[in-house]
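Beneath this line is the structure, given in structure tokens, with notes to follow.
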Amino acid sequence: MENKTTIPLKKHANYLNRAVILVRLLVGLTFVFSGFVKAVDPLGSSYKFADYLNVLGLDFLLPTTLFAAVVLAAFEFWLGVSLITGYRIKQSIILLNLFMVFMTPLALWISISNPVSNCGCFGDAIKLTNWQTFYKNVVMSGFTVFLFINRCKLTPLFSKHTQGLVSLYTLLFIVGVSWISHEYLPIVDFRPYKIGNNITKMMSVPEDAQTEQYENIFVYAKDGVEKEFTLENYPEGDSSWTFVRREDKLISKGYVPPINDFSIELNGSDITQEVLQDSSYTFLLISPRLENASDEEIDRINEIYDYCVKFGYRFYCLTASPQSVIDEWSADTGAEYPFAITDEIPLKTIIRSNPGLVLLKKGAILRKWPHTLLPETEMSDMPLDQTKWGKEDNMLSGTKVSLFAGAFIVPLILLFIIERIIGWCVRMYRNRHNKKEKQSPDNPEIEEII
């Protein structure tokens, strides 16, 4: 008869096993998500690395930022998949804990010193404050320690024969995602300038939006000591206090539109609204820095400009480069299109290509092209509204994510099923073989019975 004391122990064990499975999935999926959103925008991650290096005075490492961004994305994604699938599970758990031991103190330092406002741990998909990132890392560290303590309860999904194949496939897949996103624009765009968004609307502030709240602080001095006062308690009429200065202290932040730093300046005039309100098509050639731009497809760009002249469409090159660089670019490439000045940060945000081409109509972003995949020149025979290029690219981000997720998950599911089928067949064969051996006259056990 089963001892009554063993029943609570079994229930406790069941609860613990379920908790291990839940935490395993939660941590694994978090790392998979973090790695994927970095991999789909490697240039964005490299910009974030550059911000940190500039703050730390490590400018000599700037050429390595793109490589570091790809490596970090691949490592996080691989680590998450390894935890879920159980690849070298004990070693993966150790790596996971070492990673959190490094990242958690780093997040604390970032929260205290605040070198940048957003650490970029989830790219542009989810923006966390530095303190939110630190608290998240503390929770994740607790989960990883829990998994380390209960590592013996973690079982692999695949056999030893195929675990290495799954690991290699994971690395090749995520590096491939980074390569595709770098060469042909991010497969998922989390930024406010994504296709389908209207820049004018993204710049507008709702009428009922919260405004910034400030408190007037008055600083007075007495006997060489300064003290802060408000309107309610400042020393009015007390001649022993001397007014020093007034400060405006921010109490609460107001509504900040998703796009708040976009402007176009042409020959000293602001033409932002003129461009955004144009009911016809406008091509924007985006190059944050012309001195770093690729000139491999410059003939195609010049042909597109000629097409715009033919049909009366606007075409501007937006850049943050100085006039001397613009003049050099024009001389080297034969560019005849007008150059307008825009801040470098929004230009880097609009499109992850240098140069890149953006098509607008009444402020709405219809299409984007990297310099490696510009539209065909065959469209020059007809106006834009009669071609596929004049219509919004309706390939939704969700569809792209589903396609890539399917491309990664489906082969793993098939491999898992094949392994189970092969395992079942092997077990059936062995059972039959063992049964025949027991029934054979040559079997000593049978002879003894006879």
query = Helix 130-149 versus the longest principal axis of the chain: what is the Cα-based angle in degrees, 0 to 90, to the nearest 10?
reply = 10
note = So the angle from the long Cα axis of helix 65-85 to the longest Cα principal axis of the chain, reported in degrees to the nearest 10, equals 30
ask   = Roughly how many whole Å is it from the C-alpha centroid of region 194-268 to that of region 273-305?
value = 37
inquiry  = Along the charge dipole of the chain, pointing to its positive end and built from +1/-1 on Cβ of Lys, Arg, Asp and Glu, which listed residue (Tyr281, Ser46, Phe315) has its Cα farthest out?
reply    = Ser46
inquiry  = Taking 18 Å as the cut-off for C-alpha to C-alpha distance, list the pairs among Lys348/Lys400; Lys348/Lys388; Lys38/Lys400 that go past it.
reply    = Lys348/Lys400; Lys348/Lys388
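With charges only on Cβ, +1 for K and R and -1 for D and E, what is the dipole size of the chain about its Cα centre, in debye, rounded to 20?
Details: 43 positive and 50 negative charges, 706 e Å.
Dipole magnitude for the chain comes out near 3380 debye.
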note = Projected onto the charge dipole of the chain (unit charges on the beta-carbon of Lys, Arg, Asp and Glu, signs +1, +1, -1, -1), the Cα from Gly254, Phe339, Ala107 with the largest positive-side position is that of Ala107
task = Restricting things to alpha carbons, tell me how big region 184-258 is in terms of Rg and Dmax, in Å.
result = 22.3, 70
ask   = Summing Lys, Arg as +1 and Asp, Glu as -1, what charge do residues with Cβ under 11 Å from the Cβ of Ser92 carry, Ser92 excluded?
value = +4
ask   = Considering only DSSP beta bridges whose two residues both sit in the chain, what percent are antiparallel, to the nearest 5?
value = 75
ask   = Taking the Cα centre of each part, how many Å lie between region 34-71 and region 113-189?
value = 16
ask   = Using mean Cβ contacts within 10 Å as the protection proxy, how do 359-371, 115-127 order, highest first?
value = 359-371, 115-127
request  = Please say if the chain is rounded, prolate or oblate, where rounded means a/c under 1.5 for a ≥ b ≥ c the square roots of the C-alpha gyration tensor eigenvalues, and otherwise the choice is prolate for a/b larger than b/c and oblate otherwise?
outcome  = oblate
request  = Pick out which of Glu336, Glu291, Glu247 has the largest mean-square fluctuation in a Gaussian network model of the chain, springs linking Cα atoms closer than 10 Å.
outcome  = Glu247
request  = Report the label-to-label distance for Phe60 and Arg18 in nanometres (one decimal), using points 7 Å from each Cα along the Cα→Cβ vector.
outcome  = 5.7
query = Given springs between every Cα pair under 10 Å in a Gaussian network model of the chain, which of Met103, Met382, Met140 has the largest fluctuation?
reply = Met382
task = Positive end of the charge dipole of the chain (Lys, Arg +1 and Asp, Glu -1 on Cβ, about the Cα centre): tell me which of Tyr305, Met140, Val71 has its Cα farthest that way.
result = Met140
query = Does region 270-382 classify as rounded, prolate or oblate by the C-alpha gyration tensor (a ≥ b ≥ c root eigenvalues; a/c under 1.5 gives rounded; else a/b over b/c gives prolate, otherwise oblate)?
reply = rounded
task = Can you tell me which of 340-347, 413-420 comes out highest on packing, and rank the rest after it, using the mean Cβ neighbours within 10 Å?
result = 340-347, 413-420
Charge sum, other residues only, whose C-beta stays under 10 Å from Arg314's C-beta, Lys/Arg counted +1 and Asp/Glu -1 = -2
On Cα atoms only, tilt of 160-184 relative to the major axis of the chain in degrees = 10
note = Residues meeting the amide H criterion for Ile264 (H placed from the backbone, H to H distance under 5 Å, 5 or more places apart or on another chain) are Ile271, Thr272
Cα-Cα over 26 Å, subset of Lys90/Lys435; Lys194/Lys310; Lys310/Lys362; Lys310/Lys361; Lys310/Lys368; Lys160/Lys435 = Lys90/Lys435; Lys194/Lys310; Lys160/Lys435
ask   = Counting each DSSP H run of 4 or more residues in the chain as -39500 (n - 2.57), what helix-only mean residue ellipticity at 222 nm follows after dividing by all residues, to the nearest 500 deg cm²/dmol?
value = -17500 deg cm²/dmol
note = With Cα springs under 10 Å, the Gaussian network model of the chain assigns the largest mean-square fluctuation among Arg245, Arg430, Arg352 to Arg245
key: Three-way shape label, region 6-184, alpha-carbon gyration tensor, a/c 1.5   = oblate
query = So what does the Cα-only Debye profile of region 205-352 read at q = 0.15, 0.21 Å⁻¹, as log10 I(q)/I(0), no solvent term?
reply = -0.83, -1.30
Charge tally in the Cβ shell below 9 Å around Val358, where Lys, Arg are +1 and Asp, Glu are -1, Val358 excluded = +2
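FYI, it's all coordinate maths here, none of it is from the lab. Predicted, not measured: the structure shown is a model, and the values here were computed from it. Backbone-built Cβ (ideal geometry, glycine too); neighbour counts: all protein chains shown.
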